[in-house]
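> Just passing along the structure, written as structure tokens.
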Amino acid sequence: MKTAIALLATLAAILFVLGAGSAPAQGRYNKAAFEKVMEQANRENRVLLGSLIAANWGRAGSTAETIEELSAEIRTLTPKRNTDRIDHFRATADSLGVWAGRLAAAAEAEDGRQISEAFGKMVGACVHCHATFRE
Ligand code: HEC
């Protein structure tokens with residue numbers, strides 16, 4: 001019995017050291033930070049959709065640029081779920097930024113086909129990330 005407890009203690013110590021070693025690279029889940037940036041993303045996305053429907057390309061472009069900026073902030077966060085897939089989380093945040101940027105360019109060019117493609121891919125990044133990383 002004593003040996004078993006000693007063994008468990010050693011195992012716990014090893015796991016603790018391993019855990020401590022890998023923690024700094026990933027950062028920590030921060031609920032308030034998520035809430036703040038996601039509320040903003042949601043608001044901007046709604047304004048963006050409204051601007052597209054109203055064919056207000058100027059407003060659509062500037063809103064898309066704001067979402068592009070938000071993606072850089074999202075990228076720095078650590079999700080609660082699937083933290084071991086942090087690289088994929090960051091890649092999805094990058095994808096959001098890339099397509100928001102292309103959407104801004106397409107809006108400036110008033111290119112309807114590219115606007116639709118970019119908007120679809122951009123929202124796809126929101127949806128994909130939620131499916132993978134949201135509780
Ligand atoms: C790289 C990942 C990622 C991307 C991209 C992303 N989100 Fe999120 N979002 C999350 C995670 C994770 C949560 C849950 C936060 C938590 O666990 O506290 C969340 C939560 C939310 C919430 C809070 C309400 C709820 O239903 O949980 C809203 C609203 C939201 N996101 C909107 C958006 C919109 C709109 C976009 C795209 C413009 C977007 N998000 C893009 C990861 C992402």
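> Among R43, R59, which is within 11 Å of the ligand (Cβ to nearest atom) and more than 20 Å from R90 (Cβ to Cβ)? Lay out the reasoning, then the answer.
On the way: R59 fails: within 11 Å of the ligand (Cβ to nearest atom).
Residue meeting the stated conditions: R43.
> Let me ask something else about it. Answer with yes or no whether A33 is near the ligand (Cβ under 9 Å from one of its atoms) and modelled with pLDDT of 95 or more.
Numbers: near the ligand (Cβ under 9 Å from one of its atoms): yes; modelled with pLDDT of 95 or more: yes.
Yes.
> Restricting attention to region 80-135, and to residues there that are within 9 Å of the ligand (Cβ to nearest atom) and among the β-branched types (V, I, T), which single residue is farthest from T66 (Cα to Cα)?
Filtering first and then ranking leaves T132.
> For A20, indicate whether it is at pLDDT below 95 and surrounded by fewer than 17 Cβ atoms within 10 Å (Cβ to Cβ).
Criteria met by A20.
The values are calculated or read from the model by the stated rules, or taken from the named source; none is laboratory data. On a predicted model such as this, the values are computed, not experimentally measured, just so you know. Reconstructed Cβ throughout: ideal geometry from the backbone, glycine too, with neighbour counts over all protein chains shown.
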